[in-house]
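Colleague: Please read through the structure below; I'll follow up with questions.
Laboratory data are not the source of any read-out in this text; all were calculated from the coordinates shown. Only a predicted model underlies this, so the values are computations on that prediction, with no experimental measurement involved. Cβ: placed from backbone, ideal geometry, glycine included. Neighbour counts: every protein chain shown.
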Amino acid sequence: MSKEMINEKWATIIAKYKASGLTPTQFSKSEGIGPRQIYYWLNKESLKKNLKCESTKWLPVKLEPGNQLSKNQSLQIKVGYAEIEVNPGFDKKHLLDVLTTLKSLC
């Protein structure tokens, strides 16, 4: 089963749980699902909502002469609730992986 299919399956289960009015333990027993799974997916859904980036826009940054970063200064990037500190000599592939992951959550 693909990751998308699993996410869709659990989105349906969580929606059904919320509409049931039952506690996670009661719902999991009635559906034959482990209560840890319900809590895991509720937590995952909550984290995803906190990382929403719908209003985030990427803007170009232009440094004026004389305002250049020194070679030992770090750069901080904030995207929604996420904050990334980029230090001199950073691994470009690693930063790209982090930004790609953030993009997939938004």
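Colleague: Would you pull out the residues with amide H under 5 Å of Ile84's amide H, same chain only if 5 or more places away, H placed 1.01 Å from N?
Modeller: Amide H neighbours of Ile84, under 5 Å, 5+ apart: Ile77, Lys78, Val79.
Colleague: Same structure, new question: At q = 0.26, 0.30 Å⁻¹, what base-10 log of I(q)/I(0) does the Debye formula yield for region 3-50 when every alpha carbon is treated as an equal point scatterer in vacuo?
Modeller: Taking Cα atoms of region 3-50 as identical point scatterers yields -1.02, -1.24.
Colleague: How large is ³J(HN,Hα), in whole Hz, for each residue of region 6-22 in order, when computed from phi with the Karplus curve 6.51 cos²θ - 1.76 cosθ + 1.60 and θ = phi - 60°, using x for Gly and Pro?
Modeller: 5, 4, 5, 4, 6, 4, 5, 4, 5, 4, 5, 4, 4, 6, 6, x, 8
Colleague: Oh, and also: From the residues Ala11, Leu47, Gly32, which one has its Cα farthest along the dipole of region 3-50 in the positive direction, the dipole being from +1 and -1 charges on Cβ of Lys/Arg and Asp/Glu about the Cα centre?
Modeller: Result: Leu47.
Colleague: May I pose another question? Roughly speaking, what is the stretch gain from Phe90 to Leu47, that is 0.36 nm per residue apart minus the C-alpha to C-alpha distance, in nm to one decimal? Don't jump to the answer; show the numbers that get you there.
Modeller: On the way: separation 43, 0.36 × 43 = 15.48 nm, distance 2.69 nm.
That pair, Phe90 and Leu47, stretches by 12.8 nm at full extension.
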